[in-house]
1. Quick one: in the stretch 90-109, of everything that is surrounded by fewer than 23 Cβ atoms within 10 Å (Cβ to Cβ) and among the hydrophobic types (A, V, I, L, M, F, W, C), which residue is nearest to residue 165 (Cα to Cα)?
2. Here's a check for you: in the stretch 128-159, which residue that is under 15 Å from the mean Cα position of the chain (by Cα) and assigned to a helix (DSSP H, G or I) is surrounded by the fewest Cβ atoms within 10 Å (Cβ to Cβ)?
3. Determine which member of the set 216, 205, 240, 267 is within 16 Å of residue 4 (Cβ to Cβ) and either of a type in the set (Ser, Thr, Tyr) or surrounded by fewer than 21 Cβ atoms within 10 Å (Cβ to Cβ) (or both).
4. Do the conditions hold for residue 189, that is, is it touching a residue at least 60 places away in the same chain (Cβ under 8 Å), of a type in the set (Ser, Thr, Tyr) and part of a helix (DSSP H, G or I)?
5. Would you check if there is a residue in the stretch 251-260 being without any contact (Cβ under 8 Å) to a residue 12 or more places away in the chain and not in a helix (DSSP H, G or I)?
6. If residue 162 satisfies every condition in (1) part of a strand (DSSP E or B); (2) in contact (Cβ under 8 Å) with a residue 40 or more places away in the chain but one, which is the exception?
7. With respect to the numbered conditions (1) within 19 Å of residue 136 (Cα to Cα); (2) of a type outside the set (A, V, I, L, M); (3) surrounded by 14 or more Cβ atoms within 10 Å (Cβ to Cβ); (4) over 18 Å from the mean Cα position of the chain (by Cα), which one is the sole condition not fulfilled by residue 260?
8. List, please: which pairs have Cβ atoms under 7 Å, are six or more places apart or on different chains, and start with a residue in the stretch 27-51 that is within 18 Å of residue 263 (Cα to Cα) and end with one that is among the basic types (Lys, Arg) and in a helix (DSSP H, G or I)?
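Please treat every number below as a calculation from the coordinates, not as lab data. Values in this document were obtained by computation on a predicted structure and should not be read as measured data. Glycine gets a Cβ as well: all are built from the backbone with ideal geometry, and neighbour counts include every protein chain shown.
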Amino acid sequence: MHNLILNAQTLAPDVPFDVRVKAAASAGYRGLSIRPSEYNGALKQGLDDAAILKLLAENNVEVTEIGLATAWLPGVNGQAGVDADEPTLWHMADLFKPRQLNCAMWENQPLPDMIRGFGVLCDRAATKDLLVALEFIPHSGVRDMLVGWKIVNGAARPNGGLIFDTWHFKRGGTAHEAITTVPSEKWYTLQLSDARDVPWPEVKEESRHGRLLPGEGVIDFDGIIGRLKGYGSKPTISVEVISDTLHRMDATHAARSAIDPCVALLERLDVKAPWWK
């Protein structure tokens, strides 16, 4: 087993929860990142919370991350909330006791509002012993690493940090030298996928349908991972290859196809994925 996390979106959205867990275990993942849609899907399958936990334990897989929280500004539904799935996310936090809540912000919002809202979200998540990992996404209100760090740094919460998605970093166009402006301990998760040389006309569509396996594209993994490793950053590592090609495969084949090049990359760079416990 490798200390790698299978991101929910690497498998097709209609993959049943039990198949998802067994595919992750078969391919050698240790963790899962899941959304309310996967949890609700398990309930629709007829699995209750006890059966879900039993399934995870039997396959030696744990839910490491939950999300994606996308509406956390003051004034949303009268408070600094999470989103329409808020009750489910907090229940998932109690049930799975994961490491972190992942979040993003789709709309463009004033930076001071995002800083305040992120701080409130961190404080609420702290009551569940959760880290809060903010993801910068080129087609979102947090368009690149520099904006993401302004929010996390401005909020100044001990449980607030960033997700380093290699695909988003590439398409965001931030210089590699900027990586080390973020304190090493504030990189919570590294998400691995590759990008083609020529972007699609719509970055959002490429992000959701056309990512590549590490080694198939042009991302400088040596430079990125080398910088993270060089100044002592030890994020957990997630495999997030959102690809129509993978989604057409059966879940076991897709999970294996996604993890193999990631394992090979990390072994070549002499990086052992850490675990959070």
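1. Restricting to residues being surrounded by fewer than 23 Cβ atoms within 10 Å (Cβ to Cβ) and among the hydrophobic types (A, V, I, L, M, F, W, C), the top hit is 104.
2. 145
3. Only one candidate passes the filter, namely 267.
4. Details: touching a residue at least 60 places away in the same chain (Cβ under 8 Å): yes; of a type in the set (Ser, Thr, Tyr): yes; part of a helix (DSSP H, G or I): no.
Here the answer is no, as residue 189 does not meet what is asked.
5. Taking every residue of the stretch 251-260 in turn, none turns out to be without any contact (Cβ under 8 Å) to a residue 12 or more places away in the chain and not in a helix (DSSP H, G or I).
6. Checking residue 162 against (1) part of a strand (DSSP E or B); (2) in contact (Cβ under 8 Å) with a residue 40 or more places away in the chain, the one that fails is (2).
7. The one condition residue 260 does not meet is (1).
8. Pairs that qualify, where the first residue is within 18 Å of residue 263 (Cα to Cα) and the partner is among the basic types (Lys, Arg) and in a helix (DSSP H, G or I), are 27/256.
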